[in-house]
Every structure is written in C-alpha cells, then in structure tokens.
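K.L.:
Got a structure for you, questions after.
Where a number appears in this text, it was derived from the coordinates with a stated rule and is not lab data. This one's a predicted model, so the numbers in the text were calculated from it and none came from an experiment. In this analysis, Cβ positions are derived from the backbone assuming ideal geometry, glycine residues included, and neighbour counts consider all displayed protein chains.
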Amino acid sequence: MTESTERPSGPRELSLCPCKSRETYAACCEPFHLGRAKPETAEQLMRSRYSAYFFRLVDYLVSTTHPDTREPDLRTRIEESIHQVNWRFLTILGTSKGGKDDKTGKVEFVAEYFEGTQPHELHERSRFKRFKGDWKYLDGRG
C-alpha cells in the first residue's frame, strides 16, 4: 500500500468555491492558492483573489499584486484589515481582454460583504497585467 502525501479532502475542498464559479474549491481556486497551478486569465486571478480574501490568505494576496503597484506596507495593511470583513457574494459583471494570450485585462465585479453587522458592496473595475508571464492584480482604477 502506497502512502499518500496529500492531505485528505475536507469540507472546504468539497464545498462550492466562494468565487461562485459553481465548481468545488478543490477544482477551482485551491490549486492556485496552493501554488499547484497559475490562473490562465485575468478573471481566474480575480476570482482566486476574492477566494483568498474569503479564506484570509494574506500571502496569496500579496504575491498576486503586481510589483508596480505593490506598496511596501501592503502585507501589514491586509493583515490589519482582513479579519474585519466577512465576504458574502461575488458577481462578475464583465471582462475586457485578460485572456490566455493577452498581456492586460479588466474585470468588473461587485463583491458583497459584511463589516460587523453592516452589509456593504464593493463595485470595482480591476486592472490586471502580466508580470514574468503570470497574471497580477494592478489596481482598481479600470
């Protein structure tokens, strides 16, 4: 009998991905979060970043921010705020470029969240740009 080095699937891996792709987390964003795969499109990166906020994966959020816009205190700012927000729902409104062969792309979305008991919405047109071949979040000024 061969011993597996993979951990057994748990509730998180078997549940639907928080990015609302209708796939399981294990088949959707988890491979990106674990470094087993890289997003092929700007939308995949955007969805994986939403899921990273949902699961509070600070390292992933920092590493997927483009170096041109990654501020030196980004990690600290995320760590200070990440537990104050509970993400609830993601709706992708549209994309522009950001495909497998593109160098830049935009994704417009609405992310619903709670801060304490207060509901909020974040409506953003995120810009993405490749860095050394990988998609990175540039900013929300799209």
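K.L.:
Which one is surrounded by the fewest Cβ atoms within 10 Å (Cβ to Cβ), of the residues in the stretch 107-139 that are more than 16 Å from residue 38 (Cα to Cα) and touching a helix residue (DSSP H, G or I) at 6+ places or on another chain (Cβ under 7 Å)?
P.N.:
Step one: of the stretch 107-139, the residues more than 16 Å from residue 38 (Cα to Cα) are 107-127, 138-139.
If we keep only those that are touching a helix residue (DSSP H, G or I) at 6+ places or on another chain (Cβ under 7 Å) as well, we get 107, 109, 111, 115, 126.
Details: 107: 26, 109: 20, 111: 20, 115: 11, 126: 22.
The selected residue is 115.
K.L.:
List every residue pair whose Cβ atoms sit under 9 Å apart, with the two residues 6 or more apart in sequence or on different chains, where the first one lies in the stretch 64-85 and is under 16 Å from residue 114 (Cα atoms) and the second, anywhere, is of a type in the set (Phe, Trp, Tyr).
P.N.:
Here the result reads 82/53; 85/53; 85/113; 85/114, each pair linking the stretch 64-85 to a residue that is of a type in the set (Phe, Trp, Tyr).
K.L.:
Separate question: Does residue 35 satisfy the condition of being surrounded by fewer than 19 Cβ atoms within 10 Å (Cβ to Cβ), over 14 Å from the mean Cα position of the chain (by Cα) and on the phi > 0 side of the Ramachandran plot?
P.N.:
no
K.L.:
Checking residue 21 against (1) touching a Pro at 6+ places or on another chain (Cβ under 9 Å); (2) polar (S, T, N, Q); (3) not in a helix (DSSP H, G or I), only one condition comes out false. Which one?
P.N.:
(1)
K.L.:
So residue 112 passes all but one of these: (1) in contact (Cβ under 8 Å) with a residue 40 or more places away in the chain; (2) under 17 Å from residue 51 (Cβ atoms). Which condition number does it fail?
P.N.:
(1)
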